[in-house]
Amino acid sequence: MKLNELKPAEGARRKKRRIGRGPGSGSGKTSGRGHKGQKSRSGGSIPAWFEGGQMPLARRLPMKGFTSMSRKTFEVINVCDLERSGLEGEVTVDVLRASGVVRGTRGKVKVLANGEITRAITLKVNAVSAKAREKVEAAGGTIELIK
């Protein structure tokens, strides 16, 4: 077999519809566009969201909510995560990232109070909840907030 002998399988290709080629073709005269109206004209397309001049749904419905893009976002860890990690001494955000306790790459870390801690550690994080502060200090640790 040669390249010039290749052809598609029988029935794999259909003939192109020839529009506007007389009444015998089955799509002559109006060429399958019906009679008159915007959609029968050339270039007469209307967008899918157009509602015939009626006030569009997106404009009829009230605006709902607002999300500030300057919202503070924190990577959150719990006191039990600190206990499980086995970290001791001074624990900074970089140490938490290196040990895999904090997964994200965003800058700020906040400690929450879920779980218990028994070791005394010095935490240097961006934010801490009041209950988490109590638990860490009750275990003999200290918390230093960084900017």
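For the range 115-127, give me each residue that is buried (at least 21 other Cβ atoms within 10 Å of the Cβ) and within 23 Å of Thr73 (Cβ to Cβ).
Residues satisfying the conditions are Leu123, Val125.
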Checklist entry - If we scan the range 86-93, do we find a residue that is loosely packed, with under 10 Cβ neighbours inside 10 Å, assigned to a strand (DSSP E or B) and not aromatic (Phe, Trp, Tyr)? => result yes
Next on the checklist: Residue under question is Gly52, and the condition is that it be free of Cβ contacts under 8 Å to residues at least 40 places away in the same chain, within 29 Å of Ala138 (Cα to Cα) and either exposed (fewer than 10 other Cβ atoms within 10 Å of the Cβ) or more than 23 Å from the chain's Cα centre (by Cα) (or both); does it hold?
Outcome noted: no
Checklist outcome for this item: Of the residues in the range 14-41, those that are more than 47 Å from the chain's Cα centre (by Cα) and not in a loop (DSSP other than H, G, I, E, B) come to Pro23, Gly24, Ser25
Next on the checklist: Quick check on this structure: which one of Leu112, Leu87, Leu123, Leu96 is in contact (Cβ under 8 Å) with a residue 40 or more places away in the chain and either farther than 30 Å from Ser31 by Cβ or not β-branched (Val, Ile, Thr) (or both)?
Outcome noted: Leu123
Next on the checklist: Give me the residue from the range 76-95 that is among the aliphatic types (A, V, I, L, M) and within 26 Å of the chain's Cα centre (by Cα) and, out of that set, farthest from Glu134 (Cα to Cα).
Outcome noted: Val76
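Yes/no matrix, rows are residues, columns are (1) at pLDDT 90 or above; (2) of a type outside the set (A, V, I, L, M); (3) surrounded by 10 or more Cβ atoms within 10 Å (Cβ to Cβ):
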residue: Gly22; (1), (2), (3): yes, yes, yes
residue: Arg33; (1), (2), (3): yes, yes, yes
residue: Gly37; (1), (2), (3): yes, yes, no
residue: Gly100; (1), (2), (3): no, yes, no
Item to check | So Gly53, is it at pLDDT 90 or above and closer than 30 Å to Gln38 by Cα | outcome: yes
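The values are calculated or read from the model by the stated rules, or taken from the named source; none is laboratory data. Note that the structure is a prediction, hence the values are computed from the model and not measured. Quick reminder, even Gly has a Cβ in these numbers, built from the backbone with ideal geometry, and neighbours come from all protein chains shown.
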